[in-house]
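S.K.: Sharing a structure, written as structure tokens. Questions coming.
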Amino acid sequence: DEMVIAPGTYTLTATFTPLANQTFRAAVVRANFPTVTITSTSALTGDMITVDVSGLYFEGIQFLAGDANLATLVDIADGGPVNGCVFESCVFNGADKTSVVGIQADDSTATNFPTGLVVNNCLFRDLTGTMLDIGVLGIPYAQITNNRFAHDINSGKAIALADTAAFVTGKAYIIDSNKFLPFDATGDEVGIFIAGTENTTGVGMISRNLFSYGAVATSITQDIVS
């Protein structure tokens, strides 16, 4: 099914779990300042949206933390494997709430992972937690392109890749042509954080990304899968 959503703010009081192969598209798509906002109340704790099925497509939607009880805007592949989830021209807005994560792709049981995840032309803003958090099974064949990561805490991480402990686990992802902006002039943000040691993290391609302002501690974690 395809849901074309009229402009407005839609408030959730419980976690929303879409069905497989559904499309959620704003009737009016406007990058950076979407006409459709999905937000939460204090009754919603944990994840605002969980994606545990394949074939989801979101376009032109703002995911907005409405209360400090919220932990994650969108949680992917925590309860099952996910193939081909797409976020196009969306905004992940933490609204300065404490420790809110933008997209969580870190299965707590280290069993499930997203394959072919696409995050394109999106804005990550006002997030005090990790903006895109990736687990030990990686993001095989993912495409993370043309996004803007605006740090909102001076020790934050934009994209965090956990240690896969295997060269081919989570392989063939692309993180390309993204823009990373600092929180302040003295911060120690990390643009792309890669955990692990040489040749033990799933290998993809990190290319043509730009990092604003040299005061950040590390643009990309060094000496990991050179």
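The values are calculated or read from the model by the stated rules, or taken from the named source; none is laboratory data. All values derive from a computational prediction rather than experimental measurement. All Cβ positions, even for glycine, are placed from backbone atoms using ideal geometry, and neighbour counts span all protein chains on display. We work out accessible area using only protein heavy atoms, side chains counted, and drop any ligands, DNA or RNA first. Shrake-Rupley method; radii C 1.70, N 1.55, O 1.52, S 1.80 Å.
S.K.: Kindly list, by first and then second residue, each pair from a residue in the range 1-16 that is within 14 Å of Val29 (Cβ to Cβ) to a residue that is of a type outside the set (Lys, Arg) and open to solvent by 70 Å² or more (accessible area, probe 1.4 Å), limited to pairs with Cβ atoms under 6 Å and residues at least 6 apart or on different chains.
M.R.: Qualifying pairs under 6 Å: Pro7/Val28.
S.K.: Could you list all residues from the range 45-76 that are β-branched (Val, Ile, Thr) and either open to solvent by less than 30 Å² (accessible area, probe 1.4 Å) or under 16 Å from Ser99 (Cβ atoms) (or both)? Show your work before the answer.
M.R.: Within the range 45-76, the first condition is being β-branched (Val, Ile, Thr), and the residues that meet it are 45, 49-51, 53, 61, 72, 74, 76.
Within the range 45-76, Thr45, Ile49, Thr50, Val51, Ile61, Thr72, Val74, Ile76 meet the criteria.
S.K.: Being open to solvent by less than 20 Å² (accessible area, probe 1.4 Å) and either free of Cβ contacts under 8 Å to residues at least 12 places away in the same chain or within 10 Å of the chain's Cα centre (by Cα) (or both) is the filter here, so list the residues in the range 102-116 that pass it.
M.R.: Gly102, Ile103, Ala105
S.K.: Would you confirm, using the coordinates I've provided, whether Ser42 is open to solvent by 30 Å² or more (accessible area, probe 1.4 Å), within 18 Å of Ala14 (Cα to Cα) and more than 15 Å from the chain's Cα centre (by Cα)? Spell out how you get there, then give the answer.
M.R.: Details: open to solvent by 30 Å² or more (accessible area, probe 1.4 Å): yes; within 18 Å of Ala14 (Cα to Cα): yes; more than 15 Å from the chain's Cα centre (by Cα): yes.
Yes.
S.K.: From the residues in the range 55-109 that are in contact with a Pro (Cβ under 8 Å, 6 or more places away or on another chain) and of a type in the set (A, V, I, L, M), which one is nearest to Leu127 (Cα to Cα)?
M.R.: The selected residue is Val91.
S.K.: Considering the range 100-111 alone, what residues qualify as being small (Gly, Ala, Ser) and more than 11 Å from Leu73 (Cα to Cα)? Spell out how you get there, then give the answer.
M.R.: In the first step, residues of the range 100-111 are kept if they are small (Gly, Ala, Ser); the result is 102, 105, 108, 110.
Hits for the range 100-111 are Ala105, Ser108, Ala110.
S.K.: Condition first: over 20 Å from Asp52 (Cβ atoms) and either open to solvent by less than 10 Å² (accessible area, probe 1.4 Å) or over 11 Å from the mean Cα position of the chain (by Cα) (or both). Now tell me which residues in the range 126-147 satisfy that.
M.R.: Within the range 126-147, Asp126, Leu127, Thr128, Met131, Gln143, Ile144, Thr145, Asn146, Asn147 qualify.
S.K.: Against the definition (at positive phi and touching a Lys or Arg at 6+ places or on another chain (Cβ under 8 Å)), how does Gly116 come out, yes or no? Let's see the steps before the verdict.
M.R.: Values: at positive phi: yes; touching a Lys or Arg at 6+ places or on another chain (Cβ under 8 Å): no.
Considered against the rule, which asks whether it is at positive phi and touching a Lys or Arg at 6+ places or on another chain (Cβ under 8 Å), Gly116 comes out as no.
S.K.: Which of the numbered conditions does Ser42 fail, given that it passes all the others? Conditions: (1) touching a Gly at 6+ places or on another chain (Cβ under 9 Å); (2) modelled with pLDDT of 95 or more.
M.R.: (2)
S.K.: Oh, and also: When the range 77-99 is examined, which residues are found to be of a type in the set (Val, Ile, Thr) and either open to solvent by less than 60 Å² (accessible area, probe 1.4 Å) or touching an Asp or Glu at 6+ places or on another chain (Cβ under 7 Å) (or both)? Step through it out loud before you land on a result.
M.R.: Within the range 77-99, the subset of a type in the set (Val, Ile, Thr) is 82, 86, 91, 98.
Once the filter is applied, which keeps residues that are of a type in the set (Val, Ile, Thr) and either open to solvent by less than 60 Å² (accessible area, probe 1.4 Å) or touching an Asp or Glu at 6+ places or on another chain (Cβ under 7 Å) (or both), the range 77-99 yields Val82, Val86, Val91.
S.K.: What residue, among those in the range 152-198 that are among the hydroxyl-bearing types (Ser, Thr, Tyr) and under 24 Å from Pro81 (Cα atoms), is surrounded by the fewest Cβ atoms within 10 Å (Cβ to Cβ)? Lay out the reasoning, then the answer.
M.R.: Residues of the range 152-198 among the hydroxyl-bearing types (Ser, Thr, Tyr): 155, 164, 169, 173, 177, 186, 197.
The next check asks that each one be under 24 Å from Pro81 (Cα atoms); those that pass are 164, 169, 173.
On the way: Thr164: 24, Thr169: 17, Tyr173: 22.
Only one residue tops the list, namely Thr169.
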